[in-house]
Amino acid sequence: MTVRCDTRRDPLRGGTELHFAFYRDGRTVRGYDVSDTYRVPSSQLEDSGNYTCEVRTASKTVRKMSDGIHIQIHDNELSGAVIAAAVIGSLVVIVVSALLIWKCKTRKRFSHQDPPQAIPTAGNPNPQDVCYTYLDISRLPKGARIKHEHLTVTYATVNNASI
């Protein structure tokens, strides 16, 4: 924060040396100096207040006080907490997303299950006489498509007690 004391000198007294002092709420924050600027490198909430400046000649024969200006410094801790929460929240979302993507890529595309058990029918009383076959399409190349009009299914039952 920078506060500057703007003065207009009499053109006939242009070479007169001036000294400047700065006040906040009537208390001195910087005593007399040749600089017309008061700087607060890192302003804090407690730097808020009504600022005035006083200018005088080096000989102290002329003194003038400025009108006051109210400066309000806002507390940045809340915005810092909001930024920290946003950063942490974003990191959590990124980590969870990465874990989900990794899990999906490492998991089989379709879960491989044992084929269902054959149910004996009236013509086939013994379940051991049944052969069951199924297609596992979980290992098709990425982007491969199956055309439904070419799919046919054939079932056959073999009854042979000597198998």
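No value in this document is a laboratory result; all are computed from the given coordinates. None of the values given here were measured: they were computed from a predicted structure. Counting neighbours? That spans all protein chains shown, and the Cβs are built from the backbone with ideal geometry, glycine included.
Assorted remarks:
- Peptides ranked, highest mean first, by Cβ atoms within 10 Å: ranges 64-70, 97-103: 64-70, 97-103
- For the pair ARG4 and ILE94, label points projected 7 Å from Cα toward Cβ lie 4.2 nm apart.
- Karplus-derived HN-Hα couplings along the range 95-104 (A = 6.51, B = -1.76, C = 1.60, θ = phi - 60°), whole Hz, x at Gly and Pro: 5, 5, 4, 4, 5, 5, 5, 4, 4, 5
- Working note: Karplus 6.51/-1.76/1.60 with θ = phi - 60° gives the range 5-10 the couplings 9, 8, 10, 10, 8, 5 Hz, where Gly and Pro are set to x.
- For the range 16-31, backbone nitrogen atoms closer than 14 Å to the point 7 Å from ILE69 Cα along Cα-to-C-beta are found at 22-24.
- For the range 28-40, Karplus couplings with θ = phi - 60° (6.51, -1.76, 1.60), whole Hz, Gly/Pro x: 5, 9, 8, x, 4, 7, 6, 7, 8, 10, 10, 10, 10
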